[in-house]
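> The structure is given below, and queries will be raised subsequently.
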Amino acid sequence: MTTEELMNIPKGMSFKEYDQLLKEKKKLEKQLAKICADIDFENDSLEMLADEKGSIRYNRHLEAKSKAEAKKDKIQAKHNVVLNILKRQA
């Protein structure tokens with residue numbers, strides 16, 4: 001925990017709870033970075049396969065992109081909840 005993070009601890013929150021939230025935030029940010037890279041990869045694959053629209057390979061990448069975007073939305077929602085808890089001032 002950095003000094004800046006320590007100074008921004010919400011009133012009424014224990015150090016242990018705050019530290020756990022910071023770790024959760026960092027974990028979710030790593031997951032978001034990875035899933036965004038996966039989405040970029042699938043977008044690139046779809047661009048490369050643009051002339052094969054409707055093929056099995058194209059549809060496989062399209063489905064993988066859809067799943068990755070759904071997973072990103074779930075992770076983003078969790079991340080937003082953690083950020084809201086960290087920013088609240090009791």
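The values are calculated or read from the model by the stated rules, or taken from the named source; none is laboratory data. Source: prediction; values computed, not measured. Glycine gets a Cβ as well: all are built from the backbone with ideal geometry, and neighbour counts include every protein chain shown. Areas reflect the complete protein model, heavy atoms only, side chains present, ligands, DNA and RNA absent. Shrake-Rupley method; radii C 1.70, N 1.55, O 1.52, S 1.80 Å.
> Between a residue in region 17-32 that is small (Gly, Ala, Ser) and any residue that is crowded, with 16+ Cβ neighbours inside 10 Å and assigned to a helix (DSSP H, G or I), which pairs come within a Cβ distance under 9 Å, given they are 6 or more apart or on different chains?
Matching pairs, first to second residue: none at all.
> Output the residue which, of all residues in region 68-90 that are under 22 Å from residue 6 (Cβ atoms) and in contact with a helix residue (DSSP H, G or I) (Cβ under 8 Å, 6 or more places away or on another chain), is surrounded by the fewest Cβ atoms within 10 Å (Cβ to Cβ).
83
> Still on this model: Output the number of residues of region 1-47 satisfying the condition of being part of a loop (DSSP other than H, G, I, E, B) and open to solvent by 100 Å² or more (accessible area, probe 1.4 Å).
Adding up the residues that qualify gives 2.
> Go through region 48-67 and count every residue that is surrounded by 11 or more Cβ atoms within 10 Å (Cβ to Cβ) and small (Gly, Ala, Ser).
Of the residues in region 48-67, 3 are surrounded by 11 or more Cβ atoms within 10 Å (Cβ to Cβ) and small (Gly, Ala, Ser).
> Does residue 51 satisfy the condition of being without any contact (Cβ under 8 Å) to a residue 12 or more places away in the chain, part of a helix (DSSP H, G or I) and over 24 Å from residue 75 (Cβ atoms)?
For residue 51, the condition - without any contact (Cβ under 8 Å) to a residue 12 or more places away in the chain, part of a helix (DSSP H, G or I) and over 24 Å from residue 75 (Cβ atoms) - is met.
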